Every structure is written in structure tokens, then in C-alpha cells.
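Colleague: The structure's right below; bear with me while I get my questions together.
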Amino acid sequence: MIRCYLEFEKPIEELELKIEELKRLSDGKDIDISGEIKRLEKKVKELRSDIFSTLTPWQKTLVARHPDRPYTLDYINLITNDFIELHGDRKFSNDPSIVGGLAKIKDLPVMIIGHQKGRGTKERIYRNFGQPHPEGYRKALRLMELAERFKKPVITFIDTPGAYPGISAEERGQAEAIAVNLMEMSRLRVPIISVVIGEGGSGGALAIGVADRLFMLEHSIYSVISPEGCAAILWKKDGDIGIEDFPRAASALRLTAQDLLSFKIIDDIIPEPLGGAHRDPKGMAEKISDYILKSIEELKAKTPGKLIEERYRRLRRIGSFKEESASALS
Amino acid sequence: MPWFKKTKDIKTERKVKIPEGLWVKCDSCREIVYKKEIDKNLKVCPKCNYHFRISARERLKLLVDEGSFTELDVNLETGNPLGFKDTLSYEDRIKENQKKSGLKEAVISGDAFIKGYPVSLVIMDFSFMGGSMGSVVGEKISRAAEHALEKKQPLITVSSSGGARMQEGIFSLMQMAKVSAAIRRLKDNGILYISLLSDPTFGGVSASFAMLGDIIIAEPKSLIGFAGPRVIEQTMKQPLPENFQRAEFLLEHGLIDMVVERKNLKDTFAKLFELLL
């Protein structure tokens, strides 16, 4: 299997190649080097654990965008059975960069919706690199309203660089589509659980992310702007941004799951397998499924009115400001 | 080689010195226009009808009955939740903008009367950090919406913004959901919300409250959209169509109700109130 290693994983790659070579050498031969292999495997594990426990925000950004990272449809296939995909916004077209449909998670019927990136050039283009047009957001809302009418919880998976910045998207009202989703999700009468599985790219991510429970995978990111975009605004010189500025911007934006938990924006972090979700998609999917089921269990007893009121309070308290008493000034 | 060498004659320079800001170049038609003429014309270019950006205070004067405005939530001040620092710390950046604009934040809000109709009013000011929406802007808009609901009076917002405020990161992003949720409550309770879009309205502001008006009005030629034109040009790698993201373009695409000239705004609001309330 050809694996894709990130720059900072080079020492891991070297060791793993060595192990594979040793395995090939010993294959069918008498020489017993299993002891040596075991020793190296233990070393790889330690190395990986070291590297992944101290990832910088920029390194996490790269893991979150890793080409092997499981996408929405991977998780849907791993945690549900009988997924029935539903298509189209009934207005303009079907946007393949957002997928959604009905399925069961351990016998529990749910509506699952998520951004979908593509694997391989052809599918990536088909999925528009996970950047939705307005019709994608309108499809998502249509499915959520369907779930509401039949009292099914809504699960959303967030994984997008952002909403598509193109002429067609503007012509069809990208801003309006996102705004309407934010507004309508705030009053949906069924539980909404959102999980950031990779990249949470600004408004395009939030547009399916107004939720009663919001989780992030350990190495996922969620930000108002990409590190590249932030660096371009702050440090662009002579029309060029140095790639050395991206790590700086990633750190400044405080976009990691750990940051967002410390800000109390998210409810919890879902731990990833050692080396990232793509090293063990099945194990990752099981954990995600556990968090979803636990949340539904907590939320299902609440009346729609209570659910909506609590969702409103969750949003309403977000903000960093101080207020001097008016009397002190007047 | 230039034919003539530029010589600096300080004496003459002093003699012909023109007071600064007497003439203005129109952002739209590039004509040089006498500033006083523009000021007299509600900051609208007499040559091409381009509506210049105006400050929140100037906007207030144009829209509400004289002396009827009571400002609310004056004392909100943003924190620096990310500990953000570029060349300046975010705190200093705010101070710099406060000094430059004479405002505490990118938005003013309060109660006012428009031709006798009581309204809750929110006006953004582009000169304060590009009218960007951070925690304070989001909080003031949410409070204004809640206040409108409480007093059962319409909410009017006037937007002029580049979008969410990067310096507050995820806190800014979440303001989009917060204000949209507050707007939803108005709709649930039969409170009218009119959104006026002025040049420019983009990003996290257009993708939240600004595009949620029961009625959406834009000033002529205002640039309005989700992604900025430069970003789109980079993605598309082709020149943008003429008039792209101008108010008239949005009208043509069914995204706003009407384009109204500055001088007619107050009457338009009053007419709408008369018909709806």
C-alpha cells in the first residue's frame, strides 16, 4: 500500500520502509529477524506518538487536509447501514460537494448530511474540492426540514475549505443560502449534532454546523479564514506570501480542536487513532458513532421548545467583550 | 531618458498649494469632482450617481427624524480572545481605529423614529476596521433584534462591511450564527426586518443578517457579495462580467427587492411601514 506521508512524518516513513524491507528479506527464509522487526515497530509507535502529541497548528491543518483522511461518505459507510442518498435542492441542481440522506446508526434512523471532498483528480473536480455552491446548502436545508417533519435527528459532518468563491455561486446567492441555513438551523425542531471531521472552513462550514452538540476530531481545524488567507492579508509582500508565513498564521488563528474546546465553542474532542484518522478509519468511525449516539440519548428527552431555546442560548453567549456599566460613564 | 529633468522648486510649490480634500476622485467613474458638490448631494457623485461610503453618523442624519436617535449598548468593548497580534496587538489596532473613526466599534445601534415610526436601528461604519463583525458587532446586532422584539417595532440594519473580523477568529465566525438566530426570532413573532445594503457588503455580514431582511434594499452601484471580487478572479482565472456584484446585478438575479437612491431611502422606509404595519 502506498501511503502518503506529510513532511514532518519523514522519520516515521523511513522507519516503516525499513521494517517493510526487513519483512521482505525474511520472507520465506530461515533467518529470524522478528525480534528486530518488533523492536523497530515499537520504535515507530513511540516516534509517532511523540510527533502526534506535539503537532503544531499548521501541522494539524495538514493532517486535517490529508488526502487519505476519511471523508463524509467513508464515515457514512462505516457507521450506518442502508444509507439512502437524497439529491438536489429542487430549485437548480444537485451539488455533489454536499451529500445527504437517510440511514440507521445502530437501528436509530437519522438524517446524515456532510461536505464531501473527492479522492483522485477526477472525483475531486466532480466534488468541487468540497466547496459547495448555494444549491448544496439549499439541499442540506431541504433534508433537514424533511428530518424535522418526520422527527429524525440531524447529523452533519463538516469538512470543507469553504463555500465556493465563483461567479455562478454569487449569481445564485451564495451569501443568502448560507444565511438562511444559519437562521433555519437555529430553530429546527429536532436535535442537530455536528462533527468537524477535517477542515472547518469559515461560513461554508458553519452553514451546516449550527448544532446542539458540536464535536471536533482531535486533529481537525475550524476557522474564520484559512491560514493562507490570513497570511495573505497580514504579511503579503510584493504580491507574494512566503510559505513560512502559513505556520505563523495557523498559530495566530487558534484553529485547533484543543483551542476551540478551551474557548468552550465545542463540546468535546473525539480522539483520533495514533497517526490520524486515516490510520484506522474503522476505529475512528466507531468512536464518532459513540459520540453521536450518546448525544442523541441526551437530547431526545428535550421538547422541541426546550431544544430550540437551549440552542439559542448556546449561540447567544458566544462573544468576547466587556461592558462598563452605563451609569459609570453617564 | 526623460526629456526634462524634474526640478523641485519649493517656493512655487508653496504658492500653488491647494487645500487638501477640496477635490475628490469618484471611485466609480474616476471623474474629479468638487467635494462641496458631493457633500451637498448626500455624498453621491453628480456625474455617475455613485453613492460614496458614508460614516454611521452621516447615515443616521439621512435616515432618522432629527433628534430622535437614542443610542443603546454604547459601552461594549471587545476583548482579544485569541491574543491576536500582527504588526500591532489587536487591542492597539482597536484603539487606533477608535481614534481614526471617532467610534467605539464598527456599529452603532439604538432607537429612532423614521417619519414618526419607531424603529430599532443598526448602522455599520466601514471606516472602523472595514466594518468587520467581531464579538461586539454581533452582540449589538443581537441585542438590537431582541430589543425590537421586546418593543414590537421594526428592525432596520444598514450594512457596510468586508465580513467577519479575522482578529477574533472563531468568535467572529460564530457571530454569524448568533445574529441569524436572533433574526429568526423576529420572523417567528411577526416583527418586520428591513436590511439596507450599502457599499460594500461581503462575507460574514452578507452571509448572515444582511441577506435575511424581509425586505432587502441596496444603494445604487454598491458592491455586494459573498466572496470578494479579487478572490473570485483568482479562482476563475478570467475577468469578471461587467457590473458583477453591483446592486443592479443582484436585483437582476433576484437577490434583493430594490435599488433605491440615497435621497429616497427615508421615504421608501416610511412607505413600507405605512403599507405593512
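The values are calculated or read from the model by the stated rules, or taken from the named source; none is laboratory data. Model, not experiment: these values are computed from the prediction. All Cβ positions, even for glycine, are placed from backbone atoms using ideal geometry, and neighbour counts span all protein chains on display.
Colleague: Of everything in region B:103-130, what is assigned to a loop (DSSP other than H, G, I, E, B) and touching a residue at least 40 places away in the same chain (Cβ under 8 Å)? Give them in sequence order.
Modeller: Of region B:103-130, the ones assigned to a loop (DSSP other than H, G, I, E, B) are B:103-106, B:115-116, B:125-128.
Once the filter is applied, which keeps residues that are assigned to a loop (DSSP other than H, G, I, E, B) and touching a residue at least 40 places away in the same chain (Cβ under 8 Å), region B:103-130 yields B:103, B:106, B:115, B:116, B:125, B:126, B:127.
Colleague: Taking the condition of being under 20 Å from the mean Cα position of the chain (by Cα) and either over 24 Å from residue B:259 (Cα atoms) or at the interface with another protein chain (Cβ under 8 Å from one of its Cβ atoms) (or both), how many residues in region B:183-195 meet it?
Modeller: 1
Colleague: I'd like the full set of residues that are more than 16 Å from residue A:97 (Cα to Cα), among the charged types (D, E, K, R) and outside any helix (DSSP H, G or I), limited to region A:59-68.
Modeller: Listed by number, the list holds a single entry, A:68.
Colleague: Test each condition in (1) more than 17 Å from residue A:197 (Cα to Cα); (2) free of Cβ contacts under 8 Å to residues at least 60 places away in the same chain; (3) within 10 Å of chain B (Cβ to nearest Cβ); (4) buried (at least 18 other Cβ atoms within 10 Å of the Cβ) for residue A:241 and report the one that comes out false.
Modeller: Tallying (1) more than 17 Å from residue A:197 (Cα to Cα); (2) free of Cβ contacts under 8 Å to residues at least 60 places away in the same chain; (3) within 10 Å of chain B (Cβ to nearest Cβ); (4) buried (at least 18 other Cβ atoms within 10 Å of the Cβ), residue A:241 fails exactly one: (3).
Colleague: Give the residues of region A:79-99 that are farther than 23 Å from residue A:133 by Cβ and in contact with an Asp or Glu (Cβ under 8 Å, 6 or more places away or on another chain), sorted by residue number.
Modeller: Of everything in region A:79-99, just one residue is farther than 23 Å from residue A:133 by Cβ and in contact with an Asp or Glu (Cβ under 8 Å, 6 or more places away or on another chain), namely A:79.
Colleague: Determine which member of the set A:82, A:107, A:89 is at pLDDT below 95, out of contact with any His (no Cβ under 9 Å at 6 or more places or on another chain) and farther than 15 Å from residue A:152 by Cα.
Modeller: A:82
Colleague: Any idea how many residues of region B:198-228 are at the interface with another protein chain (Cβ under 10 Å from one of its Cβ atoms), surrounded by 24 or more Cβ atoms within 10 Å (Cβ to Cβ) and either of a type in the set (Ser, Thr, Tyr) or part of a strand (DSSP E or B) (or both)?
Modeller: The total comes to 4.
Colleague: While we're on this one: Might you let me know whether region B:92-100 holds any residue that is closer than 30 Å to residue B:188 by Cβ and part of a helix (DSSP H, G or I)? Full working, then the answer.
Modeller: Our first condition is that a residue be closer than 30 Å to residue B:188 by Cβ; within region B:92-100, this holds for none.
Scanning region B:92-100, I find no residue that is closer than 30 Å to residue B:188 by Cβ and part of a helix (DSSP H, G or I), so the answer is no.
One line per residue, one yes/no per condition, for (1) small (Gly, Ala, Ser); (2) exposed (fewer than 12 other Cβ atoms within 10 Å of the Cβ); (3) farther than 30 Å from residue A:138 by Cα:
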{"residue": "A:4", "(1), (2), (3)": "no, yes, yes"}
{"residue": "A:21", "(1), (2), (3)": "no, yes, yes"}
{"residue": "A:56", "(1), (2), (3)": "no, no, yes"}
{"residue": "A:73", "(1), (2), (3)": "no, no, no"}
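Colleague: Give me the pairs, please: first residue somewhere in region B:249-277 and in contact (Cβ under 8 Å) with a residue 60 or more places away in the chain, second residue anywhere and part of a helix (DSSP H, G or I), beta-carbon distance under 6 Å, and either six or more positions apart or on two chains.
Modeller: Short answer, once both residue conditions are applied: B:266/B:63.
Colleague: Here's something else I'd like to know. Quick check on this structure: which one of A:286, A:272 is touching a residue at least 24 places away in the same chain (Cβ under 8 Å), more than 14 Å from chain B (Cβ to nearest Cβ) and assigned to a helix (DSSP H, G or I)? Walk me through it before giving the result.
Modeller: Details: A:272 fails: assigned to a helix (DSSP H, G or I).
Residue meeting the stated conditions: A:286.
Colleague: All but one of (1) over 14 Å from residue A:65 (Cα atoms); (2) out of contact with any Leu (no Cβ under 9 Å at 6 or more places or on another chain); (3) part of a strand (DSSP E or B) hold for residue A:243, so report the exception by its number.
Modeller: Exception for residue A:243: condition (3).
Colleague: Take the residues in region B:52-69 that are under 26 Å from residue B:29 (Cα atoms) and part of a loop (DSSP other than H, G, I, E, B); name whichever of them is nearest to the other protein chains (Cβ to nearest Cβ).
Modeller: B:53
Colleague: Let me ask another. Within region B:23-69, how many residues turn out to be on the phi > 0 side of the Ramachandran plot and in contact (Cβ under 8 Å) with a residue 40 or more places away in the chain?
Modeller: First, the residues of region B:23-69 that are on the phi > 0 side of the Ramachandran plot: B:30, B:42-43, B:49, B:67.
The next check asks that each one be in contact (Cβ under 8 Å) with a residue 40 or more places away in the chain; those that pass are B:42-43, B:49.
So the count comes out to 3.
Colleague: On the basis of being surrounded by fewer than 17 Cβ atoms within 10 Å (Cβ to Cβ), touching a Phe, Trp or Tyr at 6+ places or on another chain (Cβ under 9 Å) and under 14 Å from residue A:215 (Cβ atoms), does residue A:268 make the cut?
Modeller: Numbers: surrounded by fewer than 17 Cβ atoms within 10 Å (Cβ to Cβ): yes; touching a Phe, Trp or Tyr at 6+ places or on another chain (Cβ under 9 Å): yes; under 14 Å from residue A:215 (Cβ atoms): yes.
Taking the combined requirement at face value, the residue satisfies it.
Colleague: Taking region A:195-213 as the search range and keeping residues that are more than 10 Å from chain B (Cβ to nearest Cβ) and aliphatic (A, V, I, L, M), which one is surrounded by the most Cβ atoms within 10 Å (Cβ to Cβ)?
Modeller: Per the stated criteria, the residue is A:208.
Colleague: Let me ask another. In the list A:314, A:279, A:248, A:254, which residue meets the criterion of being closer than 30 Å to residue A:104 by Cβ and within 14 Å of another protein chain (Cβ to nearest Cβ)? Don't jump to the end; show me each part of the working.
Modeller: Details: A:279 fails: within 14 Å of another protein chain (Cβ to nearest Cβ); A:248 fails: closer than 30 Å to residue A:104 by Cβ; A:254 fails: closer than 30 Å to residue A:104 by Cβ.
The match here is A:314.
Quick grid of which residues meet (1) in the same structural domain as residue A:221 (by TED's automatic domain parsing); (2) buried (at least 19 other Cβ atoms within 10 Å of the Cβ):
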{"position": "A:11", "(1), (2)": "no, no"}
{"position": "A:14", "(1), (2)": "no, no"}
{"position": "A:28", "(1), (2)": "no, no"}
{"position": "A:35", "(1), (2)": "no, no"}
{"position": "A:38", "(1), (2)": "no, no"}
{"position": "A:78", "(1), (2)": "yes, no"}
{"position": "A:90", "(1), (2)": "yes, no"}
{"position": "A:95", "(1), (2)": "yes, yes"}
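Colleague: Any residue in region B:70-84 that is at the interface with chain A (Cβ under 7 Å from one of its Cβ atoms) sitting within a Cβ distance under 8 Å of a residue that is of a type in the set (Ser, Thr, Tyr) and surrounded by fewer than 16 Cβ atoms within 10 Å (Cβ to Cβ)? List the pairs, counting only those 6 or more apart or interchain.
Modeller: The qualifying pairs are B:75/A:325.
Colleague: When residues of region A:142-179 are filtered for being within 13 Å of another protein chain (Cβ to nearest Cβ), assigned to a helix (DSSP H, G or I) and surrounded by fewer than 21 Cβ atoms within 10 Å (Cβ to Cβ), how many remain?
Modeller: 3
Colleague: Looking at (1) touching a Ser or Thr at 6+ places or on another chain (Cβ under 7 Å); (2) farther than 23 Å from residue B:138 by Cα; (3) among the hydroxyl-bearing types (Ser, Thr, Tyr), find the lone condition where residue A:168 falls short.
Modeller: (1)
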